[in-house]
Structures are given as structure tokens and as C-alpha cells.
Amino acid sequence: MLLRGFRIALFLLPFSLEAGEPQVFEFRLDNGLKVLVQEDHRAPVVVSQVWYKVGASYEHDGITGISHMLEHMMFKGTQKHPPGEFSRIIAANGGRENAFTGQDYTAYFQMLEKSRLPVSFELEADRMRYLKLSEVEFAKEHQVVLEERRLRTDDQPRSKMQEHFDSVAYSNSPYKNPVIGWPEDVAGLTLEDLKKWYGLWYAPNNATLIVVGDVKPSEVLKEAKRAFGGLKPSMLPTLKSQAEVTQLGLRRMTMKVPAKLPHLVMGYKTPSLKTAADEKEAYALEVAAGILDGGNSARLSSRLVRGQQLAAAAGASFDLSARLANLFALEGTPVEGKTVDVLEAALKEEIRHLRDELVTLDELQRVKAQVLASHVFQLDSTFYQAMQLGTFETVGLGWQKVGEYVDKVNAVTAEEVQAVARKYLVDEGLTIAHLDPQPLPEGAPQTDDAAIGGGHVR
Amino acid sequence: MYANSHVADTPLRLIALLFIFFSGTALAVPEIEHWTTSKGGRVYYVKTEGLPLVDVRMVFDAGSARDGSLFGLASLTSGMLDSGAGDWDADVIAQRLERVGAVLGTGASRDSAYLSLRSLSHPDKLKEALETLKKVATQPTFSVKDFERERNRVLLAIKQQGEDPGEIAEISFMKTLYGDHPYAHPSEGIRETVEKLTPNDLKVFHREKYTVRNSITVVVGNIDRLAAEALADDLLSGLPEGEVLPALADPIDRHEALTVKTPYPSEQTHIYSGVLGFRVNDPDTFPLYIGNHILGGSGLVSKIMEEVREKRGLAYSAYSYFLPMRVPGPFEIGLQTKNASAEEALDIAVRTVRAFIEKGPSDQELEAAKKNIIGGFVLRLDSNQKLISEVASIAFFQRPLDYLNTFTQKVQAVTREDIKRAFKARVNPDQLKTILVGAGGEKPSH
């Protein structure tokens with residue numbers, strides 16, 4: 001799975017692992033719950049994750065952010081366990097736990113010493129069907145989520161810009177809405193909305209249970225049946241397609257916000273592995289992103305940061321594992337004395353090179369070597385392996401695609417990279433955003449003037 | 001620590017947060033082998049099997065606490081290591097690493113600077129990666145052209161801190177707490193001093209601080225002892241012997257409460273409050289660590305989180321921690337809340353700390369904390385990545401080699417009285433240095 005930021009951990013040549021490729025066991029309970037188990041016996045630990053097929057891209061206008069809000073409420077008690085007890089029980093068992101919501105999923109996890117796995121199963125099964133949504137707890141957690149929004153988005157110029165950028169780049173795709181939700185929508189959520197949302201999506205036939213660690217698949221299956229087997233399945237809603245309309249020309253936006261530095265974000269409409277008519281295209285886009293930004297020797301660092309010295313930082317990314325079509329994204333910050341316009345032209349020039357010229361064999365080999373090594377490196381983290389299985393399964397690609405990744409990337413040719421660049425990395429499907437920094441109000445501290453710490457003392 | 005994160009497009013942040021673990025059983029503790037090379041280099045080694053990879057980390061007493069008056073010197077020196085070495089430029093260095101899939105990292109904190117290498121254990125690949133690491137660690141060039149570019153990037157990063165109220169608050173907190181001590185300034189430096197740096201400053205710093213006696217080398221992975229010995233000998237053969245640097249001075253406690261309010265046009269006010277904490281290997285390490293686990297170090301189930309977030313919905317993140325360092329590091333309470341709630345949230349957090357110091361933990365709270373820490377000890381060592389971090393910390397701070405083996409016994413031995421006594425002695429709530437950055441702080445009266 002290729003979420004942004006994970007690129008370093010993802011990046012193969014034909015190579016045989018001494019330990020052998022990890023094997024995944026798949027089971028399905030009668031109520032529809034899918035169970036995936038991968039053994040890793042290096043340490044006596046286990047990671048357990050429950051993935052639901054629901055996330056921000058399942059939401060409709062007016063209730064954006066509801067999947068994330070519900071994720072928070074999943075820690076607020078069931079008929080059996082009072083609010084907060086979930087976390088206390090996991091803690092008392094030496095465990096770590098948390099949850100995360102994305103555009104295409106909501107997932108809950110625990111990491112535990114291996115003998116404690118049934119504790120996690122019991123609690124997850126309980127909140128899969130018996131969540132108690134109370135006004136009192138909701139009133140408080142509603143405030144917590146609004147604080148989270150202020151922290152992560154409202155007070156972060158670049159996060160805010162990304163939010164506005166997505167809303168311009170997409171016309172009708174639900175990816176136009178932020179995962180945490182628009183402020184008005186989040187503020188307007190009600191307990192009734194949450195009850196309805198929980199009722200729609202939280203059921204064993206809409207979930208995948210993933211276990212990676214020092215376990216035996218047959219034992220895991222036995223425990224899973226015991227804990228989850230009695231839960232009733234639901235009639236799940238049919239999800240509307242909401243496929244993005246074809247973009248018919250360049251889109252541009254400027255965001256004026258108090259900030260210190262200008263910034264640039266660009267995104268080309270591309271298919272994901274799930275939506276591509278020919279999956280080779282998605283793997284070729286993946287390699288194209290690696291050519292531009294797969295380390296310090298990749299083109300953006302070598303040419304724009306060091307060579308031309310236009311960018312203080314520049315990056316490219318492509319999310320192979322999105323459920324819906326998304327963007328091949330570029331971003332950068334110009335160095336002092338250069339404008340975003342100049343940086344934009346330079347990034348477009350790099351895209352033009354991808355369209356007009358074949359990437360070199362050396363570059364292709366470099367990307368593939370990194371993919372090979374990263375594949376081994378990521379086996380060091382049981383959590384990461386579970387994340388990959390969960391993402392691929394939940395977006396509808398199927399976990400088997402995780403195992404294909406290395407070979408598929410390895411098969412990509414220079415001609416295929418050029419073909420996808422010519423087809424997708426074109427102005428017709430491009431959106432560009434400039435962050436135009438506005439001065440901070442007078443009296444605001446200047447970190448570059450070393451005035452910090454000299455404020456008002458009482 | 002954050003809880004209930006949403007990871008729209010920032011999974012890396014989530015991962016980073018998840019892995020801030022503290023915990024400790026005698027279960028499956030790996031054996032750490034230690035030796036000193038003929039030139040005086042300390043080497044630590046753990047053999048792991050199952051995956052064909054090797055991690056190497058070199059740590060030097062070359063953090064920003066060694067900057068002298070040139071704040072940012074250690075950080076820029078570390079940041080420039082892979083920009084040019086011997087007759088290789090940045091492109092050659094990156095290509096050499098990336099064509100074998102190796103990942104090199106460098107960085108500097110207040111106490112130390114490190115180089116880390118992750119490589120496949122395949123002999124040819126590992127050899128190429130190690131040769132590159134060696135040259136980068138031992139023969140960095142600090143050319144004028146690379147220097148100008150990298151310094152400008154640092155200056156821009158410093159400027160960018162000014163758009164983040166959390167960064168502003170953190171920088172202000174350390175400055176207020178540490179005064180003139182070398183921990184007071186941010187590792188990346190400040191504009192005035194970074195502007196004054198020259199390539200020669202970096203060359204001298206590297207020559208004096210990146211030495212054999214001033215280093216530790218850690219090797220973890222699928223590699224046998226003889227090969228690890230040869231690897232360490234070869235890496236260190238490129239460095240001068242050098243000398244162990246004099247110890248850092250202790251920070252001077254101002255013994256008074258202080259509140260600094262800085263106006264900033266943000267939706268939230270960021271609040272940090274704290275006092276000087278303790279140093280690594282302090283005899284009260286365990287009571288203070290477990291006490292803080294209960295008070296503000298265990299996420300959603302900690303007392304501060306319970307009061308600020310769970311009961312009142314005032315913040316997304318609220319916590320406290322001790323950061324043990326070479327000399328006393330900070331004890332810090334942190335939270336962010338909407339501007340209108342700043343005073344209330346701060347008051348509740350401080351009252352929670354006061355009550356804890358006064359009464360100590362309950363038997364039940366202590367029992368729950370011990371169960372969490374001891375029961376979760378195995379999670380601390382379940383990957384090569386986590387293992388090398390633990391071993392590097394033991395090595396750099398010269399903790400006893402059986403630190404991991406005795407960890408859970410020491411946790412088990414801590415009593416309520418130990419915690420109460422240690423907190424009373426170390427955290428005086430009447431002397432908190434408090435920083436508020438946001439529109440919730442009063443406007444400056446002058």
C-alpha cells in the first residue's frame with residue numbers, strides 16, 4: 001500500500017528471501033467476517049486489527065467527518081463495558097491500542113503479548129455490534145474532535161491548503177471532502193446521525209480481522225469463531241459509484257493565509273490500481289513517482305533541490321491503493337528568492353521530461369532495487385504488514401495483491417512509464433494550488449528573529 | 001501521546017506516534033554483546049535471525065549541546081554529512097546507497113548526533129552500503145557550494161517554525177527553562193547564529209567531535225560476531241582517536257514560577273508547563289517513570305488525559321513526560337485547547353499534577369501501571385528497528401548492559417511511597433515555567 005509518507009518503506013530485483021515469503025491464511029466465518037492471519041515468530045507478540053469498509057469517501061454532503069467521529073465514539077462504552085474501560089482493559093493486559101480513519105476505511109488495533117489475543121477479540125466483537133452511544137459522552141467527544149481539527153488543520157497553513165486543494169481538484173468524487181470533515185458538518189453532527197451510521201456499516205460482513213504475529217492460524221480461527229461467531233450480519237447498503245467526472249482543463253487556486261513560506265501543490269488525475277482499466281498503468285505511475293522522488297538520487301532532489309537550487313524541498317507521490325481514482329501529486333517549497341511560479345515551471349518541466357523521454361535503465365534499476373529492499377525492511381514491522389493487508393483488502397483489491405506488488409513493479413518498462421505520463425500527466429487533468437503567505441499580525445513572534453521567549457512575563 | 005488519530009494522508013505521523021512506547025519481562029530479552037576496539041571504540045552487537053537485514057548506528061557526543069555559541073552547528077554538520085564525502089558528491093552517495101536499496105539517515109538532538117544505515121545482509125550489497133557509510137561518517141567535504149545551499153534550507157526551516165504555534169511554544173519553553181544552558185536553544189539553531197556559520201566551523205566540529213573515543217557503534221541483524229567485529233573496526237578506522245569530551249554543566253534551576261504569554265493568531269492556545277527533571281541513570285528513574293506513566297504518560301488512561309479530555313473534552317492531546325538526558329532533562333506538561341479554554345485547561349492540568357504530588361498514586365493505579373509496563377515489555381523489542389534504538393540508548397548513556405534483563409524487576413519493586421517521595425523531591429508545582437502561545441494569552445501590556 002502506498003500511502004504518502006510510506007514510500008521509503010515500500011520500495012525489488014528477483015531475490016529470494018532466506019526466511020521465505022510470508023504466507024497469509026484466509027478464513028471466513030458464517031456471519032461474513034473475513035479473517036486474515038500471517039505468522040511471524042520472531043517475537044512473542046501479536047498485532048490484531050479490525051478494518052471496516054467505511055470511511056470519509058462513504059459519506060455524503062452535510063455529514064462529512066462522521067466516520068471519524070464514530071471512530072472516537074467507539075471508545076465510549078458498550079452495553080457491557082462502561083466508557084473508557086476498553087482502553088483500561090487493554091492497558092492492564094500490557095497492550096497498546098488506537099484507531100485510524102481514512103478516506104476508504106476505519107480501523108482499530110491492539111498490539112499485545114501473544115497470549116492476550118482473546119482479550120482483544122472479546123472487546124472488538126463487543127463493540128462491533130453493541131456500542132452504546134450516549135448524549136453525555138458524545139457532547140464531550142464532539143469537543144475533542146473539534147480540538148483535533150483545530151490542531152491538525154485550522155492552525156496548519158499547509159494542511160488547510162491541502163483541504164482546499166482537494167475540494168478544487170475533485171468535482172464530484174467524495175475525495176473532495178476532508179477525512180476529519182468540514183467544520184460546519186462536524187459541528188452539526190448529532191447522536192442520531194452517529195447511531196444511523198453505526199447501524200449501517202458496523203457488522204461482521206463489512207469487516208476484516210487481521211492478525212499478524214507469533215500465532216497459529218488454526219488457533220486464531222478458533223478464538224475468532226468463539227468471540228465473533230455469534231454476531232449477526234447486516235444488510236449492507238449499496239455504495240453508489242461516485243466516479244469523478246473527466247476534468248476538461250487546468251484548474252488553479254491561490255490560498256491566502258497567514259504563513260511564513262509560500263508552497264506549491266500540483267495534482268494530475270490518475271487511476272488507482274483498483275480503477276485502472278489496465279493495472280499495468282497503476283504500477284507504471286508508481287514507478288514514475290519513484291523516478292521523481294524515491295530518495296536523494298531521484299530527479300526532484302538531484303535536479304531541483306541540488307542542481308538548479310530552486311526548491312528547499314520537493315516531492316512526488318502516488319497512492320496505488322486508493323479505492324477510487326485519485327491524484328499523482330507534486331509539491332514543493334521554493335528557496336528564498338525564488339517564486340512558486342518558477343518552481344511550478346520547473347516541476348512541469350520534469351513532468352514534460354517523463355512524457356518526452358524514456359527514463360534511463362539506471363533509474364529504473366534503482367527504483368526496483370529500492371522496492372526489493374523495502375519489501376524486506378517492512379517485514380521487520382508486524383504492524384506495517386497488517387496495515388498493508390488491511391488496506392488492500394478493504395479497498396477491494398484483495399490482500400493477494402500485496403504479494404504481487406514486487407513482481408509487478410519489477411515488470412514495469414521505460415516505455416510504460418512514458419505511456420502513462422503521456423496519457424495522464426497532462427494539463428487537462430491538472431490542478432495547481434499556490435499558498436500565498438500573508439503577514440502574521442503585528443506582535444506575533446518571529447522565530448527567525450530569535451525573539452521567542454522574550455514575550456510577556458507575569 | 002495522541003489517541004484516536006485519523007490518518008487522512010499522514011500515516012507516517014501515526015506510525016511515529018504509535019511507536020513511542022515505554023514498557024519492560026524476562027521474556028525473550030536479546031543478548032547484547034559488547035566490546036571495545038583496539039582504538040577505544042565501544043561496540044554493541046545483537047544477532048537476530050529471520051530476516052536478511054542489518055542495521056548499523058553510530059552515535060557521537062556531537063549534539064547541539066556541543067554547539068558552543070554557534071547554535072545550529074551540530075545540526076548542520078550532521079545534516080551535511082551525505083552532501084559530499086571524499087571525491088563523491090551528493091548524487092554519487094545517494095546512487096551508491098539507493099542502487100543497493102540501502103537507507104542512510106543522519107540527525108542531531110541535544111545530546112547526540114547519529115548516522116544510521118539499514119541494508120540487506122546480502123554480502124555485496126552490505127559491502128557497498130558500508131563503504132558509503134564509512135566515507136560519509138569519516139570524510140565529509142563540507143564544500144562551499146553545498147554548505148550555502150544546505151544552510152539556506154535550514155534558515156528557511158527556522159523561518160517556517162514561525163507559522164506553527166506548537167513549535168514556537170516548545171522553543172520558548174526550553175529557553176525559559178534552561179536560560180543560558182546549552183539545552184536552551186533549538187538543535188537547528190537560530191537565524192543569527194546559523195547565518196554566521198562557515199564551512200570551516202563544520203570541518204573543525206567534525207574533526208573534534210566525530211572521533212573514536214567520542215562514539216558508540218551498534219550493530220543489529222543477521223550478521224555473525226566476527227563479521228560485526230570486522231565491520232566496526234573498518235568503520236572506526238577512518239576516524240581519529242580523539243578524546244572524550246568534558247561533561248556538560250548542570251542546568252541552573254531558577255526556583256521560581258514564571259509564565260510567558262505570547263500572542264499568536266491561532267484557533268488554539270498551545271501550552272507547555274514544567275520544571276527541570278532528571279538525568280539518565282538517576283537512582284529515582286523508576287519511581288519517576290512509573291509515576292509519570294500514571295500521571296500523564298499512558299495516553300487515554302492517564303490522569304491528565306482523564307481530567308482534561310475524557311471528563312471535559314478540552315483537548316485532543318494532553319500529557320506529561322520526563323525526558324531523561326545527559327544532565328537533567330525537562331519534566332513537561334503539554335496540551336492544546338481552543339483559545340477561550342486556555343486558562344481552564346491549564347488550571348485543570350496543574351491541579352491534577354498538584355494532587356498527584358500531594359497524594360501519590362492509589363494502589364490500584366500503581367498496579368494497573370505495572371501490569372501495563374511489564375505486560376507490554378515484549379512490544380518494546382519486537383523488531384530490529386526497536387531493538388537498535390534500545391541498544392543505542394543503553395550504549396550512549398552507559399546504562400548497565402543488563403538494563404533490559406532487570407527492567408521488569410525494577411518496575412515491580414517500585415512502591416507508592418517511592419513515587420510520592422520522588423515526585424515531591426523533583427517536581428515543585430509552585431515553580432512551574434509555563435508557556436502559552438495563542439490568541440488565549442493576554443495581549444502584551446507594554
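Computed quantities for the displayed model
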item: Per-selection Kirkwood Rh - region B:258-437 (Cα, Å, 1 d.p.); result: 17.2
item: Net length gained if the chain between B:LYS203 and B:LYS47 were fully extended (0.36 nm per residue, minus Cα distance); result: 52.7 nm
item: Relative contact order for region B:32-236, counting Cα pairs under 8 Å that sit 6 or more residues apart, in percent; result: 39
item: Set of region A:115-134 residues, backbone N closer than 17 Å to the point 7 Å along the Cα-Cβ line of A:GLU192; result: A:133-134
item: Relative contact order %, region A:32-228, counting alpha carbon pairs below 8 Å whose residues are six or more apart; result: 44
item: Label-point separation in nm, A:GLN79 to B:LYS311, each point 7 Å along Cα→Cβ; result: 3.1
item: Dipole magnitude of chain A about its Cα centre (Cβ charges: Lys, Arg +1; Asp, Glu -1), debye to nearest 20; result: 700
item: DSSP-assigned coil residues among trypsin sites (Lys or Arg not before Pro) in region B:281-311, each with at most 15 further Cβ atoms within 10 Å; result: B:LYS311
item: Mean separation of Cα contacts under 8 Å, 6 or more apart, over the residue count of region A:142-220: relative contact order %; result: 20
item: Overall dimensions of region A:32-228 as given by Cα atoms, namely Rg and Dmax in Å; result: 17.6, 50
item: Approximate spin-label separation A:LYS280-A:ARG252, in nm, with each point projected 7 Å along Cα-to-Cβ; result: 3.7
item: Of the GluC sites (Glu not before Pro) in region A:374-445, those whose Cβ has at most 13 other Cβ within 10 Å and which sit in DSSP loop; result: A:GLU442
item: Mean projected area (nm²) of the alpha-carbon convex hull when region B:49-123 is viewed from all directions; result: 6.1
item: At 1.002 mPa s and 20 °C, Stokes diffusion of region A:251-438 via Kirkwood alpha-carbon radius, µm² per second; result: 124
item: Gained length - A:LEU221 relative to A:ASP407, 0.36 nm times residue gap less alpha-carbon distance; result: 63.9 nm
item: Cα gyration tensor shape for chain B, rounded if a/c is under 1.5, else prolate or oblate; result: oblate
item: Paramagnetic reach from A:LEU200 (point 7 Å along Cα→Cβ, amide N under 17 Å) across region A:210-246; result: A:234-243
item: A:LEU236-A:ASP30 FRET efficiency (beta carbon distance; Förster radius 22 Å; 0.05 resolution); result: 0.85
item: Per-pair calculated FRET efficiency, R0 = 25 Å: B:SER69 and B:VAL144 via Cβ, rounded to 0.05; result: 0.65
item: Estimated distance in nm for a label pair at B:GLU192 and B:ASP234, the labels positioned 7 Å out from Cα along Cα-to-Cβ; result: 4.8
item: Gyration tensor (alpha-carbon) shape descriptor, region A:387-436, a/c threshold 1.5; result: oblate
item: Chain A: C-alpha gyration tensor shape, a/c 1.5 cut-off, then a/b vs b/c; result: oblate
item: 10 Å-binned pair-distance histogram of the protein assembly as shown (Cα, whole percent); result: 2, 12, 21, 27, 24, 12, 2, 0
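Every number here is computed from the coordinates shown, using simple stated rules; none is lab data. Note that the structure is a prediction, hence the values are computed from the model and not measured. Note that we place each Cβ from the backbone using ideal geometry, even for glycine, and neighbour counts take in every protein chain shown.
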